[in-house]
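Each remark here refers to the structure printed beneath this line.
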Amino acid sequence: MAHPPRFEDDDPLLGRLREVALSLPGADEKVSHGRPTFFTRKVFAIFGGVVKGDHGSDALRQSLVFLPDPAERPALLEDPRVVVPGYEGAYGWLALDLRTDPDWVEVAELVETSYRLTAPARMVAALDAGSRRV
């Protein structure tokens, strides 16, 4: 059974996140488990998280789910906008609530860090060389 969509395609927060994520070398998007997912060979960002055991909750519907730098994780967890999402959280991922007037420079940094931790070395090298989609 397919997962029902957990997003609105014209959501302006999703639109901004798409700009950020899809500007990275080799990045693409697909809908997985009802949520827009950004990936190269592996997922590096998801729009919308779920609360474990409560898929109907809207609490994380407009959030960025990302893999943080392990050294930055403790500081990120002190931020009230950041929570451990259901399912991905067990693997070290965090969720940033985007409904609180996000700082898009910060969002881009979190997405880029997650990308660097998951993308193939040649794509990270392309990013370091200044290659971005526009």
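Quick notes on this structure:
- For segment 112-132, a residue qualifies if it is among the basic types (Lys, Arg) and either touching a residue at least 24 places away in the same chain (Cβ under 8 Å) or at positive phi (or both), and exactly one does: 132.
- Of the numbered criteria (1) within 23 Å of residue 26 (Cα to Cα); (2) in contact (Cβ under 8 Å) with a residue 24 or more places away in the chain, the one residue 109 fails is (2).
- The combined condition, being assigned to a strand (DSSP E or B), open to solvent by 10 Å² or more (accessible area, probe 1.4 Å) and in contact (Cβ under 8 Å) with a residue 12 or more places away in the chain, is fulfilled by residue 31.
- When segment 36-48 is filtered for residues that are open to solvent by 20 Å² or more (accessible area, probe 1.4 Å) and part of a strand (DSSP E or B), the ones remaining, listed by number, are 39, 43.
- When 14, 96 are checked against the criterion of being open to solvent by less than 60 Å² (accessible area, probe 1.4 Å), within 30 Å of residue 122 (Cβ to Cβ) and either out of contact with any helix residue (DSSP H, G or I) (no Cβ under 9 Å at 6 or more places or on another chain) or of a type in the set (Val, Ile, Thr) (or both), 14 stands alone in meeting it.
- Of the residues examined, residue 108 is not one that is in a strand (DSSP E or B) and either of a type in the set (A, V, I, L, M) or in contact with a Ser or Thr (Cβ under 9 Å, 6 or more places away or on another chain) (or both).
- Residue that is most open to solvent (accessible area, probe 1.4 Å) [pool: residues in segment 49-88 that are in contact with a strand residue (DSSP E or B) (Cβ under 8 Å, 6 or more places away or on another chain) and of a type in the set (Gly, Ala, Ser)]: 59
- Residue check for residue 21: under 14 Å from residue 94 (Cβ atoms), surrounded by 22 or more Cβ atoms within 10 Å (Cβ to Cβ) and either touching a residue at least 60 places away in the same chain (Cβ under 8 Å) or under 14 Å from the mean Cα position of the chain (by Cα) (or both): no
- The listed residue being under 27 Å from residue 2 (Cα atoms) and modelled with pLDDT of 95 or more, out of 95, 121, 59: 95
The values are calculated or read from the model by the stated rules, or taken from the named source; none is laboratory data. Just so it is clear, the model here is predicted, and its values are computed rather than measured. Glycine gets a Cβ as well: all are built from the backbone with ideal geometry, and neighbour counts include every protein chain shown. Note: accessible area is taken over every heavy atom of the protein model, side chains too, but ligands, DNA and RNA are not part of it. Shrake-Rupley method; radii C 1.70, N 1.55, O 1.52, S 1.80 Å.
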